[in-house]
1. Being modelled with pLDDT under 80, surrounded by 13 or more Cβ atoms within 10 Å (Cβ to Cβ) and hydrophobic (A, V, I, L, M, F, W, C) is true for just one of Leu173, Leu164, Leu188. Which residue is that?
2. Please go through region 206-219 and pick out each residue that is β-branched (Val, Ile, Thr) and crowded, with 22+ Cβ neighbours inside 10 Å.
3. If you scan region 129-145, which residues turn out to be among the aliphatic types (A, V, I, L, M), crowded, with 17+ Cβ neighbours inside 10 Å and in a loop (DSSP other than H, G, I, E, B)?
4. Considering region 610-628 alone, what residues qualify as being farther than 22 Å from Ala568 by Cα, exposed (fewer than 15 other Cβ atoms within 10 Å of the Cβ) and touching a residue at least 12 places away in the same chain (Cβ under 8 Å)?
5. For residues in region 295-332 being of a type in the set (Val, Ile, Thr) and surrounded by 20 or more Cβ atoms within 10 Å (Cβ to Cβ), which is nearest to Arg409 (Cα to Cα)?
6. Considering only residues of region 207-234 that are in contact with a Gly (Cβ under 9 Å, 6 or more places away or on another chain) and not in a helix (DSSP H, G or I), which is nearest to Pro331 (Cα to Cα)?
7. Assess whether Ser291 counts as being closer than 27 Å to Pro371 by Cβ and over 22 Å from the mean Cα position of the chain (by Cα).
8. Quick check on this structure: which one of Phe432, Phe396 is in contact with a Leu (Cβ under 9 Å, 6 or more places away or on another chain) and either closer than 21 Å to Glu325 by Cα or part of a loop (DSSP other than H, G, I, E, B) (or both)?
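The values are calculated or read from the model by the stated rules, or taken from the named source; none is laboratory data. No experiment lies behind these values; they were computed from the predicted model shown. Neighbour counts run over all protein chains shown; Cβ positions are idealised from the backbone, glycine included.
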Amino acid sequence: MSRFWKPGSEKPSTLLVDDEEGGVVFLSSSTSSASSSGFGYASLERQRQRLPVYRYRKAILYLVERHATTIVVGETGSGKSTQIPQYLKEAGWADGGRLIGCTQPRRLAVQTVASRVAEEAGVKLGEEVGYTIRFEDQTNPGITMIKFLTDGVLIREMMEDPLLTKYRRRNSLLGSSDDMPDPEPAILSVEGKGYTVEIHYVEEPVSDYLQAAVNTVLLIHEKEPPGDILVFLTGQDDIDTAVKLLNEEIQHLGRHYFDLLILPLYSGLPRTDQDLIFTPTSKGKRKVVISTNIAETSLTLEGVVYVVDSGFSKQKCYNPVSDIESLVVAPISKASARQRAGRAGRVRPGKCFRLYTEEYYLNEMQAEGIPEMQRSNLVSCVIQLKALGIDNILGFDWPASPSPEAMIRALEVLYSLGILDEDAKLTVPIGFQVAEIPLVLWYQGSPAMVTMSSQLIHVEFSKSWFVEDIISRPYSCMIKDPMISKMLLSANDFGCSDEILTIASFLSVQSVWVSVRGVKKEFDEAKLRFAAAEKKVIDIRGQLLRLMKGFGIPLKSCEGDMKAVRKAIIAGSFANACHLEEYSQNGMYKTTRTSQEVYIHPSSVLFRVNPKWVVYQSLVSTDKHYMRNVIAIEPSWLTEAAPHFYQYRTPNPALS
């Protein structure tokens, strides 16, 4: 079991790390309302009043009225997202049919914050307080006053209404023209109310952070007073493994550990499981939340007193040359370490157990992480900027300048798909239609094989479409994919829009299919998860269908003509064509664009079949580059789909 020590203690000798160097030392609250119950829960009104932002309520409302732009700076958990929209509503800013909008970076955060605000306001979610995320709108026009939404949804609303008129009308509250708002922005700093957090490090580097995290949780439960525990791990696979290990240890160690409630937290978690995370801990119990970095900044968990920081997270990484975007496990930065530790000081003085040494933290850990803009596929950004009328993307004032290679790759992809013209402007109508389609490609989980049983997709698809890749994906990440959108828009030309609509819907959700190993309880739970996911696919399909009808594209079925389906897929994925290397003994393919070595994933129905030509939807990298979502094609179809991209040449007999 890992041994921890508190900086400043006798062994080993060191100074207490201050907030500039990573230890989280918060300002003490000056108000008596900051006190909390033994387990960190109080009445909703008391919880609202003890938030740091509460004492600034009047100042915020004054600045919003007097200034065109007001910037509120505060720590995560200070109440910015939950309280300021309510203050504005209470002050009348939502009167007359106006909306107060609040964006969140993640869908789970949108749902959670909206639920919390609805609870505090004493209203039903979806009425006065609602939310909108991709493919889900829980608002009621004319009734909803506070609306939470993701950044992506707001951008799509700006495409239809650049001035966001339903959110604006602020000047009507300001009286005469002499009271026009000051154009200079006002900046208000909300000082944190948190408590001191003791930072503990391991004495020696740990070889297995997963096992070390499990051991640390058990150690905390054995040695520390009551209080919930928040564990930061990298992703769903790690979290599921940790949950399993902890439950096994609890059964082995006996009754003293039965009061531990082990709960996972990640972006794809079903809504019912999410609710358990935010339910107050029962007396005599201790909640252990095992989370990705979603709990680092996007969510606030009441009752957490102890944090276990693995020192790692999954980070998006994009290679514009190979065009592979994946999630990789990487060390966190000092900024993230401070955020994580701060989660332990919300309700009373807490402790953070870091599964790395102080020497590593001080001397090797980066101060800040690499901006996501510099390690992402820029296709989505370019489409959105173009749709908003920002054509000069090379001169755009990026928050963090992306690499020229990534920018060139994005422009190349969009031009080859006919989404941009030669002047790098959105084409009509394809370009603007693609910008409106909120389609993404999900990657999640580890490989799992199941039997097709959905009424949504015919079993015949397994003959030519790599259905197993719809079933399981190797990462948990979401990429806006114009290839899927182009495939959907082109399906009508091949008379298979019905079938392609289904494929696009499956590719746009997370973890539809599940795998079980014969245990009845797990099988029953898997069926429930599948039913919920299948319902999501049906909902998405319905919304996509309405969108297609809005474009004037009718619904047609090819009646089992899989050649038509494959040609429609090629219309979007022609750039991802590969050919089997002659005399290859191990199934090696090479991409036509970069001659990169790739392989069909072993779980594919086409593995070992090795068609001469294939098109893939995505590449993933482990020990090799593996193709997923693969179909067999005829090379002549490539020149039909993209004569601007391919030319068919007859081999020269003299060179044979």
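1. Leu173
2. If the condition is that a residue be β-branched (Val, Ile, Thr) and crowded, with 22+ Cβ neighbours inside 10 Å, then Val214, Thr216, Val217 are the ones that fit.
3. Correct list: Met145 only.
4. Correct list: Thr622, Lys624.
5. Result: Ile332.
6. Across region 207-234, the extreme among qualifying residues is Phe232.
7. Spelling it out, it is not the case that Ser291 is closer than 27 Å to Pro371 by Cβ and over 22 Å from the mean Cα position of the chain (by Cα).
8. Phe396
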